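Data first, discussion second: the structure below is written as structure tokens.
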Amino acid sequence: MAAPVAPRRAGVGLTWELKDSLPARRAVYYGKLLKGRPVLVALDLFPAFYALVRGRQRARDYRKEYEEGRLSHAAKRLMDVLIRRHPLYTREWRAEALMLDPGSTRGFERAVAELQQGLFAVKTEERYDPSFSYRWDLVETWLPDAVREGRRLGRPAAVRRLVGRYLGRRRVGLGEGNRPALRSAARTRCAARWRRWAGPARSGLVVPGLPPDWVLRRAAAPRRP
């Protein structure tokens, strides 16, 4: 595997460095979690993501996911190996899963992305010497405390934690067209509970000049005269 070429722009280069150094220190979670794209997740928020993605499941529940058609055969083969022996560098993982030939590269990468989005596997290190390679581990082995908290958290509490953090870092709030987390949560009745939540936010607000139905921090909500 050839080492990726670092970008030359200063800001992008700093991000490039952080995505290597922070996960190596176990300071953040880094992986293809949202829409197949890599993101950095603060560890205090990671249990909420785990609760929404995996619920009360453990790594060994990958077999159930496969039997019910929610996990591909290639991803199941990789999990068979990683459950048996971890952590593993990429070449070792591919070899033990019989996916080392060049024709299996694309299938391997798709399966690994699938396992990252499902919070089964996580990349824990990028090794550059003697050759470039990634090291992989089970999420619950790498972040045992965060996974344990996520399994106890529950979906409504997870939604409140994520949306509360989002609102707390913004000057305004979320409009109806900018709330994918709430739209997803509605399928599990979290949205109804969110609207009744008496925390640091208010929902169903109309802000002059903005689209209808906004969720705002109480501090940013329009005050009555």
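Quick notes on this structure:
- The C-beta contact set for the range 35-56 (first residue of a type in the set (Val, Ile, Thr), second residue modelled with pLDDT under 90, distance under 6 angstrom, 6+ apart or interchain) comprises 39/33.
- Search result, residues across the range 23-40 that are part of a helix (DSSP H, G or I) and either under 9 Å from the mean Cα position of the chain (by Cα) or surrounded by fewer than 20 Cβ atoms within 10 Å (Cβ to Cβ) (or both): 24
- Residue check, residue 75 modelled with pLDDT of 95 or more and assigned by TED's automatic domain parsing to the domain that holds residue 113: yes
The values are calculated or read from the model by the stated rules, or taken from the named source; none is laboratory data. The structure displayed is predicted, hence computed values, not measured ones. Ideal geometry is used to build each Cβ from the backbone, glycine not excepted, and the neighbour counts take in all protein chains shown.
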